[in-house]
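The structure under discussion appears below in the form of C-alpha cells.
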Amino acid sequence: MFKLTGSIYSQNNIQKILIYLFALFPISFLIGNLVINLFIGLIALTFLLLIFKINKNLFFKNNSFLILILFFFWISLIINLFFSQNYELGLPRVIKFFFIICTILAFRLIISLNEENKINIIYKFWTITFLVVVADLTFEFINGQNLIGITSYMPGRLASFTGDELVIGSYFSAFSLICLSFIYKKIPKKNYLIIFLSLTIIVISLLIGERSNFVKSVFIVFIFVFFALNLKFKFKVIILLISTIIVLTFLNFSGNYKYRYHHQVSLLFKKDGIKNYLNNSQYGALYKNASIIYSNNKIFGVGIKNFRIESQKEKYQNFDHPYNKLSSTHPHQIHYEFLSETGLFGYISFLLLVFFSVYLSLKSYLQKKNLYQLSGMLFVLVSLLPLLPSGSFFSTYFSGLFWINYSLMTGYIKN
C-alpha cells in the first residue's frame, strides 16, 4: 500500500488516486449502475487531470493506434445518432463512450509505469473482491440467501449482491480468469490450489444458474488452464475429469438445475435442435424481430437503445412465432443488437475495432505470455460468441465488464 504525500494535485498522488479507483472499481458492479457510472466518470476525470501533469505528446504518440481505432468507433456511434429513430435514447451512451475511452487509456497509463507493485494493488483488490463473491454465492446456495439477506426470486438461480437483476454470472465470468492469474503468479507450489480454484469457478458458475455464462466460463477456464498455465498434463486432465463428474452428478440430483441445464439444453443436440430452439423460444423471437428490423434499416440501424421502441411497432409484431408479442429492451444477443441498432456501418466499425485489438493483443501475448492480457482477451472473445444470449452491449453493467477486460487486453500492447 502507499499513502498520499504532499499536494493532492501532484503527479504522484494523482497516479495513486487512479490506482485506487481502478482497484475498487469491481465493487461498483455489485452495487448498481449509478455507482458504475460514477467510477467511470471519476477515473476519466482523474486521467484527464493526470494528462496535464505528464508529457502529453509522448503519451499520445505511444498510444496513437489504440486512440485511433477507439475514436473511429466512437465517431461511428456519433454518426449513428443522426439516423436514430430517437437520438435521445442513444445520446447518453455515446457521450459516456468518451469517458470509457479515457478509462481504457488510463489503465494503459498505469501499466506503462512499469511498476509491478502498483498494478498488483489493482489485481489484488480485484481478486479479493472476486473471492468474497465466491464465498457469498456458496453461502447463498447453502442457506437460500446471501450474506446480507438477498434471496433469488427464481428457482435454480443465485442472485448474490446484484439482487433481482440476476446478473452475477456476467460479473463472475468477467473476473474469474483475473483471479486465477493473480493466484497462479503470486502463490508458490500452486498446482493443487489452481486445480481447486479452477474447479470452484466451474462449479460456482453452474450454481449461479445462468446457462450462457456457464458455457462461457467453462470455455475460457479450460482454454486458460490447458494452453496458458504451466501445469503438468495430468493436472489438466484431472481438472477436466473432476469438473465433468461434479457437474453431471450435481445435475442428476438437483431437479431445478437438471431441468435448466440438461432437459432444455439437450434439446439443442437433437435433429434440427437449434432451429427448433429458435422457433420455440423467447430468444428466437427476439433474434427474428431484430433481424427484421435490420432488414428494414440495413445501413445505420434504428439507433442505439431504440430496439425497445422499434420492436413494439405493429409492423414488427406480425411475424410467425409463438413469442412474437414478447417485449424487451434489447435482442439479448450482441450481434443482433449491433445489426438492428447500428446497422452494417456500426457493426463493421465494431468488428474492425475488435479485430485490430485482438490481433495486436494476441501478437503481444505470444511474445510476453502475460496471463492478465490473455484473461481479458478470452473474455472479450467469448462475449462475441454467436447464438448464445447476452446482456445488452450498450447497458452500463455489461459494457462496463466488457471494457474492463478490453482495457486489460490492450493495456499490454506495445504501440
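For Ser375, the test of being closer than 18 Å to Phe107 by Cβ and over 20 Å from the mean Cα position of the chain (by Cα) is failed. Note on the range 329-360: among residues that are within 18 Å of Asn296 (Cβ to Cβ) and small (Gly, Ala, Ser), the one that is surrounded by the most Cβ atoms within 10 Å (Cβ to Cβ) is Ser340. When the residues of the range 128-151 are filtered to those that are of a type in the set (Phe, Trp, Tyr) and open to solvent by 40 Å² or more (accessible area, probe 1.4 Å), the one that is nearest to Asp164 (Cα to Cα) is Phe141. Look at the range 370-386: where a residue is open to solvent by 10 Å² or more (accessible area, probe 1.4 Å) and a partner is polar (S, T, N, Q) and in a loop (DSSP other than H, G, I, E, B), sitting 6+ places away or on another chain with Cβ atoms under 9 Å, you get Leu384/Ser390; Pro386/Gln333. Number of residues in the range 378-413 that are part of a helix (DSSP H, G or I), within 9 Å of the chain's Cα centre (by Cα) and of a type in the set (Gly, Ala, Ser) equals 2. Within the option set Lys305, Lys236, being under 30 Å from Ser76 (Cβ atoms), open to solvent by less than 70 Å² (accessible area, probe 1.4 Å) and modelled with pLDDT of 80 or more holds for one residue only, Lys305. Filtering the range 281-316 to residues that are of a type in the set (Ser, Thr, Tyr) and within 25 Å of the chain's Cα centre (by Cα) leaves Ser281, Tyr283, Tyr287, Ser291, Tyr294. Leu49 fulfils the conditions (1) over 26 Å from Phe345 (Cβ atoms); (2) open to solvent by less than 60 Å² (accessible area, probe 1.4 Å); (3) aliphatic (A, V, I, L, M) except for a single criterion, (2).
Taking only the range 160-171 into account, find how many residues are closer than 20 Å to Val215 by Cβ and either among the aromatic types (Phe, Trp, Tyr) or without any contact (Cβ under 8 Å) to a residue 24 or more places away in the chain (or both). The total comes to 1. When Asn55, Asn62 are screened for being more than 28 Å from Phe393 (Cβ to Cβ) and open to solvent by 80 Å² or more (accessible area, probe 1.4 Å), only Asn55 passes. For the range 11-37, filtered to residues that are free of Cβ contacts under 8 Å to residues at least 12 places away in the same chain and exposed (fewer than 14 other Cβ atoms within 10 Å of the Cβ), the residue that is farthest from Phe98 (Cα to Cα) is Asn12. Go through the range 92-120 and report how many residues are over 21 Å from the mean Cα position of the chain (by Cα) and either at pLDDT 95 or above or not in a helix (DSSP H, G or I) (or both). Here the count works out to 3.
The values are calculated or read from the model by the stated rules, or taken from the named source; none is laboratory data. What you see is a predicted model; the values in this text were computed from it and never measured. Here the Cβ is made from the backbone with ideal geometry for all residues, glycine too, and neighbour counts use every protein chain on show. The area values use the complete protein model at the heavy-atom level, side chains included, leaving out ligands, DNA and RNA. Shrake-Rupley method; radii C 1.70, N 1.55, O 1.52, S 1.80 Å.
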